[in-house]
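Accompanying notes for the structure given below.
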């Protein structure tokens with residue numbers, strides 16, 4: 001059993017869902033990150049957030065995968081102030097919804113004053129709604145941006161265990177681990193991390209507070225990278241228990257602080273009977289048709 | 001149709017929540033106290049927080065004694081299938097929309113009836129699947145059912161089965177307020193989604209000749225592709241069969257169908273109010289030895305594989 005705690009399923013096909021289910025992925029977390037589309041209106045963003053908690057969750061359920069999401073304003077949109085203000089108005093409508101496990105993905109891109117303003121405002125929202133925070137660390141000036149991010153989180157009274165720092169690499173891992181934050185790695189074949197590098201990181205740093213994700217999206221990326229990296233770890237003499245920590249348990253522990261994700265959701269199919277899409281009575285005794 | 005006593009429903013649900021979910025009910029009561037003018041923004045927040053304040057467990061039959069009047073108007077028995085947080089959300093919607101009711105005598109707070117309706121629309125547009133379905137199922141208990149036809153139309157265009165079913169099987173809105181085009185779309189969509197047709201609210205009362213033509217066309221298309229058909233797609237056709245052509249059509253089709261579909265044709269003919277239908281029904285039964293089931297649920301319970 002694996003969890004992919006960062007993947008943009010809205011950009012993926014049903015073939016991906018099928019392959020992920022076959023590879024043992026039982027749950028996914030989709031952080032809000034506006035699709036690669038024109039970003040001009042808060043209304044289209046609201047529709048995107050509504051589809052994260054609605055249609056995408058339903059789509060995943062058709063393949064036996066539980067879908068959760070994180071809700072937030074990305075740093076790239078923060079630089080358009082009028083749009084950012086309008087989006088900030090919309091966020092409270094979504095943050096209390098079932099299955100919303102974090103505020104995210106938020107953080108820095110260019111590290112502008114506007115990015116910082118809306119990052120801080122969303123840390124306050126996380127406290128108000130009692131949710132963990134999923135932080136996207138910048139591609140540029142990464143170590144400096146990551147340290148600044150942690151400083152600001154602490155300034156706002158968030159504890160390190162409430163914050164997941166994502167997209168780490170060999171240069172950031174030590175600082176993030178040392179300060180007590182959840183330390184996530186994105187397995188992105190061509191840019192961020194490769195599976196072999198990840199094996200070395202686990203061998204060097206162990207498994208405490210470390211987990212991996214695919215961040216697969218609409219670009220060249222691999223929705224099976226969590227499962228593939230798990231296999232490579234097993235072949236590289238990392239124990240099954242350690243692989244479970246890095247590919248399942250740690251992500252679950254980090255995001256279950258929200259109270260919105262639990263093993264029961266996928267282990268006990270009868271846990272929430274009203275979510276059964278096959279209906280609740282003999283009267284509705286037909287299975288939903290899943291188009292091939 | 002007698003006007004529903006909305007304030008009474010509100011009081012009953014409130015008492016029921018205090019009895020079965022005291023912690024959540026107290027949090028909600030405190031929130032109401034903090035927001036005496038319960039405007040749209042306050043409503044959105046309370047609606048959202050129900051998932052934190054109330055349990056995920058199903059209401060079940062436990063609430064029956066506290067909800068006597070409410071249960072009596074719960075024609076589709078949705079409340080036992082709700083979770084406690086859904087019941088609380090229904091109460092919040094009722095509290096927010098109560099000033100729209102003709103019987104309402106209290107003071108209106110800040111929001112106009114138009115504001116209240118558009119707030120419900122905004123809530124629907126930002127809802128997750130469970131919330132959107134709950135909104136549709138709640139319409140039977142709210143004084144604004146006719147104002148939400150657009151949202152119900154959206155819901156039955158959805159491929160999300162739970163949302164479709166909330167309107168088609170659990171709400172009076174389609175039967176009462178959909179025009180014929182909308183109605184026919186709803187029934188066809190049930191066939192596309194392989195959801196029960198016989199259990200659609202008002203399926204017999206709203207049946208019409210144009211729909212029968214559309215269903216026959218759909219049947220031709222599926223048969224040309226050698227695809228399966230819903231067993232109960234035959235019901236609306238047989239209910240309206242009133243001449244020799246219609247009989248011949250059903251006779252020809254029937255011999256090639258699985259037993260479940262045959263049983264549907266026989267029961268629909270038996271239930272038909274057309275003078276000749278019962279005779280045809282007897283003929284069909286005799287020539288093909290199809291049993292006459294007492295109810296649609298009896299046929300629905302049959303295995304699909306019986307042929």
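Checking the condition farther than 27 Å from residue A:258 by Cβ, in a helix (DSSP H, G or I) and away from every other protein chain (no Cβ under 11 Å), which residue from B:69, B:31 passes? Steps first, answer last, please.
Numbers: B:31 fails: farther than 27 Å from residue A:258 by Cβ.
On inspection, the qualifying residue turns out to be B:69.
With respect to residue B:263, is the statement that it is modelled with pLDDT under 95, over 23 Å from the mean Cα position of the chain (by Cα), part of a helix (DSSP H, G or I) and closer than 15 Å to residue B:292 by Cα true? Spell out the reasoning first.
Details: modelled with pLDDT under 95: yes; over 23 Å from the mean Cα position of the chain (by Cα): yes; part of a helix (DSSP H, G or I): yes; closer than 15 Å to residue B:292 by Cα: yes.
When the stated conditions are applied, residue B:263 passes them.
The residue that is surrounded by the fewest Cβ atoms within 10 Å (Cβ to Cβ), among those in the range B:190-215 that are outside any loop (DSSP other than H, G, I, E, B) and within 12 Å of chain A (Cβ to nearest Cβ), is B:192. Of the residues in the range B:45-62, none is in a loop (DSSP other than H, G, I, E, B), over 13 Å from residue B:83 (Cα atoms) and away from every other protein chain (no Cβ under 14 Å). Per the conditions (1) surrounded by fewer than 23 Cβ atoms within 10 Å (Cβ to Cβ); (2) at pLDDT 95 or above; (3) within 14 Å of chain B (Cβ to nearest Cβ), the sole criterion not satisfied by residue A:173 is (3).
If you go through the range A:93-106 one residue at a time, do you hit one that is free of Cβ contacts under 8 Å to residues at least 12 places away in the same chain, under 25 Å from residue A:128 (Cα atoms) and within 17 Å of the chain's Cα centre (by Cα)?
Let us first name the residues in the range A:93-106 that are free of Cβ contacts under 8 Å to residues at least 12 places away in the same chain, namely none.
Looking through the range A:93-106, none of the residues is free of Cβ contacts under 8 Å to residues at least 12 places away in the same chain, under 25 Å from residue A:128 (Cα atoms) and within 17 Å of the chain's Cα centre (by Cα).
Scanning the range A:222-275 for residues that are within 14 Å of chain B (Cβ to nearest Cβ) and more than 18 Å from residue A:68 (Cβ to Cβ), we see that the one that is modelled with the lowest pLDDT is A:273.
If you go through the range A:204-258 and keep only what is in a loop (DSSP other than H, G, I, E, B) and under 28 Å from residue A:35 (Cβ atoms), you end up with A:214, A:215, A:216, A:217, A:218, A:219, A:220, A:221, A:222, A:223, A:224. Just one of the listed residues (A:89, A:47, A:130, A:141) is on the phi > 0 side of the Ramachandran plot and either within 14 Å of chain B (Cβ to nearest Cβ) or touching a strand residue (DSSP E or B) at 6+ places or on another chain (Cβ under 6 Å) (or both), and it is A:130. Here residue B:26 clears all of (1) within 23 Å of residue B:101 (Cα to Cα); (2) assigned to a helix (DSSP H, G or I); (3) without any contact (Cβ under 8 Å) to a residue 24 or more places away in the chain; (4) out of contact with any helix residue (DSSP H, G or I) (no Cβ under 7 Å at 6 or more places or on another chain) except the condition numbered (1).
Within the range A:109-131, not a single residue is touching a helix residue (DSSP H, G or I) at 6+ places or on another chain (Cβ under 9 Å), within 25 Å of residue A:38 (Cβ to Cβ), in contact (Cβ under 8 Å) with a residue 40 or more places away in the chain and in a strand (DSSP E or B).
Residues that are under 21 Å from residue B:128 (Cα atoms) and touching a strand residue (DSSP E or B) at 6+ places or on another chain (Cβ under 8 Å) were ranked within the range A:24-44; the one that is modelled with the lowest pLDDT is A:33. Could we say that residue A:80 is buried (at least 21 other Cβ atoms within 10 Å of the Cβ) and either more than 14 Å from chain B (Cβ to nearest Cβ) or in contact (Cβ under 8 Å) with a residue 24 or more places away in the chain (or both) here? No; evaluated as a whole, the condition is false for this residue. When residues in the range B:129-156 are screened for being free of Cβ contacts under 8 Å to residues at least 60 places away in the same chain and surrounded by fewer than 23 Cβ atoms within 10 Å (Cβ to Cβ), 9 of them pass.
Within the group B:293, B:249, which residue is within 14 Å of chain A (Cβ to nearest Cβ) and either farther than 22 Å from residue B:192 by Cβ or surrounded by 11 or more Cβ atoms within 10 Å (Cβ to Cβ) (or both)?
On the way: B:249 fails: within 14 Å of chain A (Cβ to nearest Cβ).
Matching residue, one of B:293, B:249: B:293.
Scanning the range B:156-187 for residues that are within 14 Å of chain A (Cβ to nearest Cβ) and either over 13 Å from the mean Cα position of the chain (by Cα) or farther than 25 Å from residue B:142 by Cα (or both) gives B:157, B:158, B:159, B:160. Of the helices (runs of 4 or more DSSP H) entirely within the range B:77-147, those holding at least 2 residues that are out of contact with any strand residue (DSSP E or B) (no Cβ under 9 Å at 6 or more places or on another chain), over 22 Å from residue B:27 (Cβ atoms) and modelled with pLDDT of 95 or more occupy B:129-138.
Quick check: is even one residue across the range A:59-74 in contact with a strand residue (DSSP E or B) (Cβ under 9 Å, 6 or more places away or on another chain), closer than 15 Å to residue A:121 by Cα and either surrounded by fewer than 22 Cβ atoms within 10 Å (Cβ to Cβ) or within 14 Å of another protein chain (Cβ to nearest Cβ) (or both)? Yes - at least one qualifying residue is present in the range A:59-74. Do we have residue B:15 as more than 11 Å from chain A (Cβ to nearest Cβ), free of Cβ contacts under 8 Å to residues at least 12 places away in the same chain and either touching a helix residue (DSSP H, G or I) at 6+ places or on another chain (Cβ under 8 Å) or farther than 28 Å from residue A:91 by Cα (or both) here? Taking the combined requirement at face value, the residue does not satisfy it.
Looking at the structure I just gave you, is residue A:198 buried (at least 16 other Cβ atoms within 10 Å of the Cβ), more than 14 Å from chain B (Cβ to nearest Cβ), part of a helix (DSSP H, G or I) and at pLDDT below 95? Judged against the criteria, residue A:198 is a match.
The values are calculated or read from the model by the stated rules, or taken from the named source; none is laboratory data. These numbers come from a predicted model, not from an experiment. Here Cβ is always computed from backbone atoms with ideal geometry, including for glycine, and neighbour counts include all displayed protein chains.
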